[in-house]
Amino acid sequence: MQENTKLIKIDAVCAKASIKPNHVYVMIRRGLLPKPVKLGKASRWYEHEIDAAIAAMANRREVAA
């Protein structure tokens, strides 16, 4: 598997997307961000999936303009 499989915490997701933690879960419910990987009680996200989701949102914005 060649993809970056690095798992990141919610604070890194928030920093990448410039949003607050509660908004991460709103965006997951809306299908804009991927669901986290559960590690016991902890939630982590694949960094490459977050990067792809942010890029997809940027592309939709550019297409709409």
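Here are a few things to note about the model shown:
- Residue list for segment 28-39, filter: within 13 Å of I10 (Cα to Cα) and either in a helix (DSSP H, G or I) or of a type in the set (K, R) (or both): I28, K35, K38
- Of all the criteria given as (1) in a helix (DSSP H, G or I); (2) surrounded by 12 or more Cβ atoms within 10 Å (Cβ to Cβ), the one not satisfied by W45 is (1).
- Test: residue in segment 1-12 that is surrounded by 15 or more Cβ atoms within 10 Å (Cβ to Cβ), at pLDDT 95 or above, assigned to a helix (DSSP H, G or I) and not acidic (D, E): yes
- Among the residues of segment 7-36, those identified as in contact with a Phe, Trp or Tyr (Cβ under 7 Å, 6 or more places away or on another chain) and either among the basic types (K, R) or over 14 Å from M57 (Cα atoms) (or both) are L7, I8, V13, P36.
- Verdict on D51 being acidic (D, E) and surrounded by 11 or more Cβ atoms within 10 Å (Cβ to Cβ): yes
The values are calculated or read from the model by the stated rules, or taken from the named source; none is laboratory data. Model, not experiment: these values are computed from the prediction. In this analysis, Cβ positions are derived from the backbone assuming ideal geometry, glycine residues included, and neighbour counts consider all displayed protein chains.
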